[in-house]
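Structure first, then comments.
The values are calculated or read from the model by the stated rules, or taken from the named source; none is laboratory data. The structure displayed is predicted, hence computed values, not measured ones. Here the Cβ positions follow ideal geometry from the backbone for every residue, glycine too, while neighbour counts run over all protein chains shown.
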Amino acid sequence: MTAGWTAASLTRMTQLKRRLRREYLTIERMVEIYCRDHHPGERHRPCLRCARFLEYAEQRLHKCPYGQRKPVCARCPVHCYKRAQREQARIIMRYAGPRMLVRHPWYALTHIADKLRKAEHPMVLRRRKLARQRLRKGKQDSN
């Protein structure tokens, strides 16, 4: 099922790398489950509120400072979702999470595996990278 995919959304999603695309597809499946059970209307498209949430989630994935190393949002030290969207995600995931094991087992299992992924704050990663660069530069200057 393709919940709320427009041509623009498909184009943006294909720009996501493999790991982030899977993350988006997982949240999309969760929204499908939640919206179908809570918001009467079209069966093959999310309601307007859920479609907007999916667009917001996709934007957040594009701007994630972790890129391919992104942890699941619950384990991330950087909370990039606004309060209202974070609460909406929590409600959707709490409802759809257990149902994912039956309806979309592969996405559910990979999401559980991704929860094991540890993440450091981006500032710590940046400092570590700069320290390595300075160390390399110091070695080059001494030679």
Practice problem: Please work out if Leu135 is within 20 Å of Tyr34 (Cβ to Cβ), over 18 Å from the mean Cα position of the chain (by Cα) and among the aliphatic types (A, V, I, L, M). | Solution: no
Quiz prompt | Positions within region 97-127 being in a loop (DSSP other than H, G, I, E, B) and among the aliphatic types (A, V, I, L, M), in sequence order | solution = Leu116, Ala119
Quiz item: In this structure, does Tyr24 turn out to be at pLDDT 75 or above, under 22 Å from Ile112 (Cβ atoms) and aromatic (Phe, Trp, Tyr)?
Solution: yes
Self-check item: Among (1) part of a loop (DSSP other than H, G, I, E, B); (2) surrounded by 13 or more Cβ atoms within 10 Å (Cβ to Cβ), the one test that Ile92 misses
Solution: (1)
Practice problem: Could you figure out which of (1) surrounded by fewer than 13 Cβ atoms within 10 Å (Cβ to Cβ); (2) in a loop (DSSP other than H, G, I, E, B) isn't true of Lys137? | Solution: (2)
Self-check item: Single match in Tyr107, Tyr95 (criterion: at pLDDT 90 or above and in contact with a Ser or Thr (Cβ under 6 Å, 6 or more places away or on another chain))
Solution: Tyr107
Practice problem: Select from region 32-51 the residues that are assigned to a helix (DSSP H, G or I) and touching a Cys at 6+ places or on another chain (Cβ under 6 Å) and write down the one among them that is farthest from Ala108 (Cα to Cα). | Solution: Cys50
Exercise. Go through region 73-89 and give me each residue that's assigned to a helix (DSSP H, G or I), loosely packed, with under 15 Cβ neighbours inside 10 Å and either touching a helix residue (DSSP H, G or I) at 6+ places or on another chain (Cβ under 9 Å) or among the acidic types (Asp, Glu) (or both).
Key: Ala74, Arg75, Arg86, Glu87
Practice problem: Check whether at least one residue in region 94-106 is without any contact (Cβ under 8 Å) to a residue 60 or more places away in the chain, under 22 Å from Lys17 (Cα atoms) and more than 15 Å from the chain's Cα centre (by Cα), and report yes or no. | Solution: yes
